[in-house]
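What follows is calculated from the coordinates using simple rules that are stated; it is not laboratory data. A quick note: this is a predicted structure, and the numbers were derived from the prediction, not measured. With ideal geometry, Cβ positions are generated from the backbone for all residues, glycine too; neighbour counts draw on all protein chains shown.
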Amino acid sequence: MPGARIEVTRNPAVPEQASLRVNRTHAVAAATVLRDDPELRLDYASNVTGVDWLDRVVKEKVKVRRLVDGEEREFEDVIELRRPGHLEAVYHLYSMELKHGPVVLRLRTENRTDRVWVPSLTPVWRSCEFQEREVYDLYGIEFAGHPDLRRLLMWEGFRDHPMRKDYVAPDDYEYEPTPHDTVLARAREHYPAPDKPKGAA
Amino acid sequence: MIMERDPVPVDLPMGSEGPGYELLAKPGADGETDLLEVAMGPHHPSTHGVFRMDVVLDGERVVKLKPVFGYLHRNHEKIAEGATYLSSMPYTDRLDYFCSMTNNWAYALTVEKLAGLRVPERAEYLRVILAELTRLQNHVCLVGFLVQDMGASGTPLMYAFREREKILDLFESLSGSRMMCNFMRFGGCRCDLPPGWVEAAQRVVDHYPRFLDEFERFLSGNEILMARTQGVGRLTRELAVSAGVTGPMLRAAGVNYDLRKVDRYGIYDRFQFRVPLGEHGDTYDRYMIRVLEMRESVGILRQALRDLPEGPVLDPKSRLRGFKPPAGEVYGRIEAPKGELGFYLISEGGTMPYRYRVRPPSLINLTILEDLCRGHLVADVVVILGSVDIVLGEVDR
């Protein structure tokens, strides 16, 4: 696959479950290879889910060399990196034929706004169908190429994505405000402008 | 880290909030027959809970079927992300409320994998015993419901419930609750067995094959059952694998994939048992697989009750309160009675998980419901759904 960017992320707690990050344009091709390669044969996508990563400042230690009193010495500096918020779709792949796994495949969106997308892997593994719908429903990731992308658990007409970390549950637990003045006023506070992109902070 | 920016491909259709859900076909130009759209559920006795199937019928044949979920959705995952690790344990009971013991085990196993905890020998045996008892009562109820759905009102179901009640009595004397057991802990089990429990369990297990023989004598060769199930809802191997179908449904389609053999989690490598496989993948095979699995479970139970060692049931060093697993992520899974029950946890080193996900076997086994039902009669839809074995507490979470 020319041009594919693949990155391996280490997992400190469970080292054998490290994950593979593929860029979005090559995801379907990479998934097809994972499924069809005779040595991998990852024919079974067990678990599909989303993760919401907020904007975050990550501290990292960097070694720097500096001149002190005319002598070059090594210092350890702590620099702050800003990790922009994004959403992730995570796939756990196994092989039913060769009985090995899991391989963790991650696709990442650009940011956390309302219109974010990753390619759908339902054409590769049918088991992603309902699970991608669930991720779309609860996280708001649009799966480009999904045959039937609708909300799975929340009702049609529901606006928000409840599994996002910045979701605020309404006071009356009804999307449609009941026609009482105080409840209506409180509900308005939570739904100020539906068109404003979420997580834009 | 510089974020990549991929251009949005033009040829991929984007999903939207739009309707996209026009079930009933517009009347065709040829105008042959009218199609009828029927909502089966959410309050329909055959759906085993609040679940709806939107069915399009041509006469009595199913043309299309779309399952509709979410009536029991309470966002278990969100709640668990705002709670400590241990306080999600009782909530896992409510997922598949028939099998709280295996739900507990799947969650405990995942957290143990994340934190690197060890489980004492006696607790491992206890877990196997409880999981296999759960499998017995789940499968027997499933068969009872399936036969009930075919119109045998009550009697076989009551026979099944009579046996289930004996197992639930064992659970109650052990954990204090028949169904919401909340029994497993990270690094073992909550408490040791009460006196006389092993003997009582032994009596239940010894009686079980006799009950199964009796049950099978009435059902397995029953003409009505065979006519209603054989050749109905056939599932092919390829579709089953691709659609991620797990558990008895997968093995009824002839795929040899049992996590007790594949992953050998816990101490399942110490027991002798066979994995029954189906040949046709139809509803009758799915019925038969459950009966055969119960017989194998009885075998595992006999071995486990015989070998049950003495010792502690909870690692004395395990800290339940203020429990903080190291940062990282983990996916753990077990063979629950309904299929592969998995938990996916992301820890950032705090007392609460950053991400908590349940992989529900019932939901994913429903992916192929439309493929199974297409072309069959409405009455067969009820039977096919009955053989999938769903619990809505787990489907909707």
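With springs only between Cα atoms under 10 Å apart, run a GNM on chain B and tell me which of B:Glu296, B:Glu223, B:Glu37 wobbles the most.
B:Glu223
Using only Cα atoms, what is the ratio of the radius of gyration of chain B to 2.2 N^0.38 Å?
1.05
Sort A:26-34, B:144-152 by packing, meaning the average of other beta carbons within 10 Å per residue, with the highest value first.
Sorting A:26-34, B:144-152 by mean packing, highest first, produces B:144-152, A:26-34.
With springs connecting C-alpha atoms under 10 Å apart, model chain B as a Gaussian network and identify which of B:Arg185, B:Arg355, B:Arg321 has the largest mean-square fluctuation.
Highest fluctuation of the listed residues: B:Arg321.
Mean residue ellipticity at 222 nm from the helices of the protein assembly as shown, using -39,500 (n - 2.57) per DSSP H segment of n ≥ 4 over the full residue count, to the nearest 500 deg cm²/dmol?
Computed ellipticity for the protein assembly as shown at 222 nm equals -10500 deg cm²/dmol.
Which whole-number percent gives the relative contact order of chain B, counting Cα pairs below 8 Å spaced six or more residues apart?
For chain B, the relative contact order is 25 percent.
Anyone know which of B:Val143, B:Val245, B:Val198 comes out most mobile in the 10 Å Cα GNM of chain B?
Answer for the Gaussian network model of chain B: B:Val198.
Using alpha carbon centroids, what distance separates the range B:282-358 and the range A:35-93, in Å?
So the two Cα centres are separated by 31 Å.
How many lysine pairs are close in chain B, with Cα atoms under 27 Å apart and the two 8 or more places apart or on different chains?
Step by step, the pairs that qualify in chain B add up to 14.
Using only the Cα atoms of the range B:179-338, each taken as one equal point scatterer with no solvent, compute I(q) by the Debye sum, divide by I(0), and report log10 of the ratio at q = 0.12, 0.13, 0.19 Å⁻¹.
With one equal scatterer per Cα and no solvent, log10 I(q)/I(0) is -0.73, -0.84, -1.31.
Need the list of aspartates and glutamates near A:Lys59 for cross-linking: C-alpha distance under 12 angstrom, and skip anything on the same chain fewer than eight residues off.
A:Asp77, A:Glu80
What average number of partner chain Cβ atoms lie no more than 10 Å from the Cβ of the residues making up A:8-16?
Counting other chains' Cβ atoms within 10 Å and averaging over A:8-16 gives 4.
Sorted by average packing, counted as other Cβ atoms within 10 angstrom per residue and highest first, what order do B:323-330, B:56-63 take?
Ranked from most to least packed, the peptides come out as B:323-330, B:56-63.
Taking just the C-alpha trace of the range B:123-256, give me its Rg and Dmax in Å.
17.6, 49
Per q in 0.19, 0.20 Å⁻¹, report the Debye log10 I(q)/I(0) for the range B:129-206, using one uniform scatterer on each alpha carbon and no solvent.
Each listed q maps to, in turn, -0.82, -0.88.
What's the average, rounded to a whole number, of partner chain beta-carbon atoms within 10 Å of each residue's beta-carbon in A:50-56?
Partner Cβ neighbours, averaged per residue: 2.
When N counts the residues of the range B:299-352, how does its alpha-carbon radius of gyration compare numerically with 2.2 N^0.38 Å, as a ratio?
1.62
Among rounded, prolate and oblate, which fits the range B:31-167 when a ≥ b ≥ c are the square roots of the eigenvalues of its C-alpha gyration tensor, a/c under 1.5 means rounded, and a/b larger than b/c means prolate?
Oblate shape, in that a/c is at least 1.5 and b/c is the bigger or equal ratio.
Count, for each residue of A:19-32, the Cβ atoms from other chains sitting within 10 Å of its Cβ, then give me the mean as a whole number.
Shielding by partners across A:19-32 averages 1.
Given q = 0.05, 0.06, 0.08 Å⁻¹, what are the Debye log10 I(q)/I(0) values for the protein assembly as shown, with equal point scatterers placed on the Cα positions and solvent ignored?
Here the Debye-derived log intensity ratios amount to -0.23, -0.34, -0.59.
Quick check on packing: order A:70-79, B:282-291, A:113-122 by the mean number of other C-beta atoms within 10 Å, highest mean leading.
B:282-291, A:113-122, A:70-79
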